Amino acid sequence: MSTIQEVAKRAGVSAGTVSRYLNGHQLKAANQDRVEAAIRDLGYRSNYLARSLRSNRSMSIGLLINNMLNHFAVSVVAQVERQMELNDYNIILSGFRKEQDIFVHKLANLIDRRVDGLILFEPIEDDRARKLIEQSGIPTLSISNPLPYACVDNMLASARKSCRKVTRRMIDMGHTRIGILAASQEEYVSRERLAGVLEAFDDAGLPRNKAVVRIGDYSRECGYRDMMHLLNEDHVDCVFALNYGRGQGAQQALSELGLRIGQDVSFACYDYLDTKTYFHPSITTVCPPSLEIGTKAAQEILSMIKEGRLGTGRTTYTDEDIAWLPSIIELNKE
């Protein structure tokens with residue numbers, strides 16, 4: 001196994017320079033490139049225990065996630081894990097399944113493990129959690145659901161902005177009565193998406209009751225039932241499904257009724273799996289930026305750790321990708 005001294009000799013720098021690099025310090029660009037090349041060439045692996053003792057770091061990140069079956073969450077976590085691996089960090093992954101007491105208990109466990117940073121995915125607002133984070137002095141980042149704490153920074157997708165754009169496109173294409181398949185309004189993301197839809201009606205000078213809103217759970221089955229209601233009872237011919245499962249159920253209902261997207265019905269949806277161009281007809285799709293948010297979250301928490309910087313209550317947004325595909329019919333076309 002190679003040593004720091006051998007890495008230093010190959011890179012043409014001092015052992016102290018290599019040590020500073022391994023402990024997260026920024027080097028001059030030329031020196032950093034040489035050190036990284038030497039590490040790769042020699043296959044050097046630092047001793048994690050010795051390194052953590054020297055730096056007073058555990059070289060681990062606590063990642064507490066609400067739902068491990070959520071497509072968006074899994075994609076974000078995978079990207080965070082990749083970035084951590086590239087920086088010689090491990091992640092300790094734990095779930096809490098929307099249970100408030102479990103969330104607080106597992107947060108305390110991660111803090112007790114002396115993790116260097118915390119990433120919380122769809123955390124629950126709880127004063128016990130706030131006190132734990134404040135007292136720990138651990139850099140903390142919340143994803144998808146903002147926490148209103150001065151000690152936590154938030155990283156969110158621009159869901160409201162995306163839904164406003166798609167709905168306004170539907171209105172501009174001549175649709176003034178639009179069916180909306182929304183999820184439970186107890187959750188921040190669901191509220192943001194529906195708020196964006198309603199703001200588009202405000203922008204166009206249309207009453208909000210022109211949005212025919214059906215609220216249900218995230219399942220495909222519920223999306224199917226609500227889509228049938230929109231088509232057979234509410235008699236809409238333009239629908240925006242605001243989450244993945246409900247969108248899949250809606251497409252099943254359209255297929256069974258023999259209705260063609262982009263010809264008989266205008267349709268747009270969310271899709272986490274980037275399948276928007278795989279099928280015919282192609283569907284206007286909002287794609288949450290899981291790779292971008294995962295990368296940014298990992299880079300930000302690592303930066304906070306290296307700089308000794310705690311959260312300040314700052315919130316940053318990442319734009320969602322909208323694939324504008326021919327699924328929205330233009331009405332009254334001359």
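The values are calculated or read from the model by the stated rules, or taken from the named source; none is laboratory data. Bear in mind that the values here come from a model prediction, so they are computed numbers and not experimental data. In this analysis, Cβ positions are derived from the backbone assuming ideal geometry, glycine residues included, and neighbour counts consider all displayed protein chains. Surface areas here come from the heavy atoms of the whole protein model, side chains and all, with no ligands, DNA or RNA. Shrake-Rupley method; radii C 1.70, N 1.55, O 1.52, S 1.80 Å.
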Residue identified as within 30 Å of Phe267 (Cα to Cα), open to solvent by 40 Å² or more (accessible area, probe 1.4 Å) and not aromatic (Phe, Trp, Tyr) among Arg97, Arg114, Arg160, Arg128: Arg160
Asn66, sole failed condition from (1) touching an Asp or Glu at 6+ places or on another chain (Cβ under 8 Å); (2) more than 20 Å from Gln299 (Cα to Cα); (3) of a type in the set (S, T, N, Q); (4) modelled with pLDDT under 90: (4)
Any pair with Cβ under 6 angstrom, 6 or more apart, that starts in region 175-196 at a residue that is in a helix (DSSP H, G or I) and ends at one that is surrounded by 20 or more Cβ atoms within 10 Å (Cβ to Cβ) and of a type in the set (A, V, I, L, M): Val189/Ala159; Ser190/Ala183; Glu192/Ala159; Arg193/Ala159; Arg193/Leu242; Leu194/Ala182
Segments classed as strands (runs of 3 or more DSSP E), wholly inside region 204-277, with at least 3 members that are in contact with an Asp or Glu (Cβ under 8 Å, 6 or more places away or on another chain) and open to solvent by 10 Å² or more (accessible area, probe 1.4 Å): 211-216
Positions within region 295-334 being open to solvent by less than 40 Å² (accessible area, probe 1.4 Å), farther than 23 Å from Arg130 by Cα and touching a helix residue (DSSP H, G or I) at 6+ places or on another chain (Cβ under 8 Å), in sequence order: Thr295, Thr318, Glu320, Ile322, Ile328
Selection from region 91-146 of residues that are free of Cβ contacts under 8 Å to residues at least 40 places away in the same chain and of a type in the set (Phe, Trp, Tyr): Phe96, Phe103
Filter result for Arg169 (under 30 Å from Leu291 (Cβ atoms), in contact (Cβ under 8 Å) with a residue 60 or more places away in the chain and open to solvent by 30 Å² or more (accessible area, probe 1.4 Å)): yes
Filtered residues of region 129-166 (kept if basic (Lys, Arg) and either more than 16 Å from Asp321 (Cα to Cα) or at pLDDT below 95 (or both)): Arg130, Lys131
Count of region 144-174 residues which are under 30 Å from Gln100 (Cβ atoms) and part of a loop (DSSP other than H, G, I, E, B): 10
